[in-house]
Structure formats: C-alpha cells, structure tokens
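A quick write-up on the structure given underneath.
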Amino acid sequence: MDTHLRKKVEDIIGEIIEISLLENQGCTSEVRKIVTDGETYLLKSSFSERYRNWLKQEAKVLKRLENKHIIPVPKYYGYIEEEKSSHVIMSFEKGIPLTLALENSNSIDEKKLLIKSFGQLLQQLHQSQIIDSLITTENWLDYQLARAEKYLNSGDTDGTLELLNKLKTSIPKSVKQTMIHGDCTTDNVIVKDGKVQMFIDVSGMTVGDPRYDESLAIRSFKNNEEFIKAFYSGYTRYMVSNDEFLFFDKGLYEFF
Ligand SMILES: Nc1ncnc2c1ncn2[C@@H]1O[C@H](COP(=O)(O)OP(=O)(O)O)[C@@H](O)[C@H]1O
Ligand SMILES: [Mg+2]
C-alpha cells in the first residue's frame with residue numbers, strides 16, 4: 001500500500017501493525033485485512049470508474065445503516081478517495097461467504113441448514129422496516145432498466161439490445177417493494193457458527209423488488225429440488241415463478 005493511502009487509513013483507525021491480501025477476492029475490488037493494536041478491519045479498494053462508483057455507494061449504505069442495528073452488515077469506519085482508487089474501511093468479520101461454506105461442507109443436511117438460514121435472513125431483510133435514507137428511486141425496476149440501457153450504450157455489459165427489448169416487453173406484474181440487498185448471491189452473505197448471519201457487498205441495498213434478491217439467492221441451486229425446498233422453509237413470504245426467475249436472473253442480472 002502506498003504511504004499516502006496508508007497515512008489516510010491510519011488517520012481513521014490508528015497505527016497499522018499488519019496488512020494482508022485476502023485469499024478470497026471479489027470481482028469488483030481488492031480486499032485486505034488490516035490489523036491495528038486493538039482491532040481488525042477490512043479495506044475494500046476499487047480502481048475502475050464503474051466499480052469506484054459502486055464502492056462509493058456501498059460506503060454510503062454502510063454509513064446510513066451504522067447505529068441502526070436493523071440489518072446485519074459490517075460496521076462502517078471510513079471512506080477514502082484517491083486520484084485513481086477508492087477505499088472503504090469496515091469491520092473485519094470472522095466467517096466465510098456462503099458459497100465457500102457450501103463447498104466446504106460434505107453433509108447434505110448441513111448444506112440444507114445453511115441454505116434455510118439464508119432464506120431466513122433474506123426474509124428478515126424483506127420484512128424489515130423501510131429505511132427512508134436508502135430509497136434511491138420511486139420505481140426500482142424502471143430505474144434498473146434505464147441503468148441496463150446505459151451500460152449497454154457504453155458497451156460494457158454481457159446484456160444485449162435484444163435481451164433488453166425482451167425485458168421491456170415482459171415486465172412482471174409489480175409487487176410491493178421492500179428493503180433489498182440488490183446483489184444477493186451466495187457470495188455476498190457471510191456464514192458464522194453454521195448460519196448465514198450477515199450481508200456484505202451492499203452497494204445495491206435500497207428499496208426495490210424483492211424478487212430480484214430471491215432470484216439471485218437461488219440461482220446457484222435452482223436445479224436442486226432439495227436445496228430449493230430448504231431455502232423456502234426459511235423464506236416463506238413468497239416464491240418466485242419460473243418466469244419471474246428468468247426475468248431477473250437470466251435477464252436483468254446479465255447487465256450488471
Ligand atoms: N467485512 C468483511 N469481513 C471479512 N471479509 C470480508 C468482508 N467484506 C468482504 N469480505 C471478503 O472479501 C470478499 C470480496 O468482498 P465483496 O464485498 O463481496 O467484494 P466484490 O464487490 O468485489 O464482490 C468476500 O467474498 C469476502 O470473502
Ligand atoms: Mg461480492
């Protein structure tokens with residue numbers, strides 16, 4: 001880490017004793033564990049314009065959730081913008097992403113318990129009270145379609161014009177908007193003590209369409225009937241139809 005950034009980080013958390021790159025990296029960032037005298041922190045850094053924007057939004061969300069104790073997310077410590085990079089400092093959480101916990105487990109029953117707890121945590125989010133300061137738009141889905149179009153025009157997306165046009169003509173009947181995570185894959189929730197207990201990677205957390213979260217949550221085990229059953233034993237408030245799943249997971253998600 002260059003000395004300029006290090007100094008800025010130390011202004012927030014005090015003298016750094018140790019820095020290490022995490023074994024598990026994400027797709028949009030570089031993550032490091034930072035140890036000081038009394039605490040352990042996570043430094044998340046992004047470099048491209050798009051990912052820096054997402055990181056800035058993540059910092060905003062974490063800051064707004066600070067002291068609210070409604071939604072379990074890492075604790076926010078600070079945000080730093082450099083000329084060519086942006087950085088968020090948050091609490092380092094002991095635990096592992098659900099994707100890894102599922103890979104590590106050899107027992108089907110244990111995997112089912114993990115997945116059920118994921119359903120429970122997501123249900124808790126979708127039923128939690130709306131946090132006004134996290135509302136970004138009146139109609140989340142319209143806004144996401146406009147965002148998809150913007151990414152398409154800039155040529156930086158897997159989605160195609162054909163897919164976007166198809167989505168625009170097959171918008172599912174609207175449901176009540178709720179608090180959502182906005183990128184709720186098994187990579188972005190943390191398992192501690194055998195249960196999914198926390199959301200990470202929260203730049204998309206806002207008020208929106210809960211079916212997007214639900215679709216991304218089940219995407220990695222959609223064809224496993226037992227796992228789907230386990231998920232819905234924890235997430236009991238609604239079950240996406242196949243068309244809804246396709247619209248969100250094989251549709252909208254392609255653009256981001
Ligand atoms: N607060 C945290 N404490 C511990 N590990 C974390 C924390 N936040 C992220 N990680 C680890 O870093 C990885 C990447 O973080 P994430 O926020 O998902 O980045 P990306 O946006 O690049 O996907 C995660 O999969 C997880 O292993
Ligand atoms: Mg992630």
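General remarks:
- Search result, residues across the range 7-66 that are more than 16 Å from ligand 2 (Cβ to nearest atom), under 22 Å from G182 (Cβ atoms) and not charged (D, E, K, R): L65
- When the range 53-98 is filtered for residues that are near ligand 1 (Cβ under 10 Å from one of its atoms) and either assigned to a helix (DSSP H, G or I) or surrounded by fewer than 20 Cβ atoms within 10 Å (Cβ to Cβ) (or both), the ones remaining, listed by number, are W54, L55, E58, L62, K75, S91, F92, E93, K94, G95, I96, L98.
- Selection of the range 212-256 for residues being in contact with a helix residue (DSSP H, G or I) (Cβ under 8 Å, 6 or more places away or on another chain), polar (S, T, N, Q) and open to solvent by 10 Å² or more (accessible area, probe 1.4 Å) yields S220, S233, T236.
- Residues of the range 222-255 that turn out to be more than 28 Å from Y143 (Cα to Cα) and of a type outside the set (D, E), as a count: 10
- Taken together, the residues in the range 1-13 that are open to solvent by 80 Å² or more (accessible area, probe 1.4 Å) and of a type in the set (D, E) amount to 2.
- Qualifying residue in the range 14-26 (condition: without any contact (Cβ under 8 Å) to a residue 40 or more places away in the chain, surrounded by 14 or more Cβ atoms within 10 Å (Cβ to Cβ), farther than 17 Å from P74 by Cβ and not aromatic (F, W, Y)): yes
The values are calculated or read from the model by the stated rules, or taken from the named source; none is laboratory data. Quick caveat, the model's predicted, so the values are computed rather than measured. With ideal geometry, Cβ positions are generated from the backbone for all residues, glycine too; neighbour counts draw on all protein chains shown. Please note that ligands, DNA and RNA were not included when accessible areas were found on the heavy atoms of the full protein model with its side chains. Shrake-Rupley method; radii C 1.70, N 1.55, O 1.52, S 1.80 Å.
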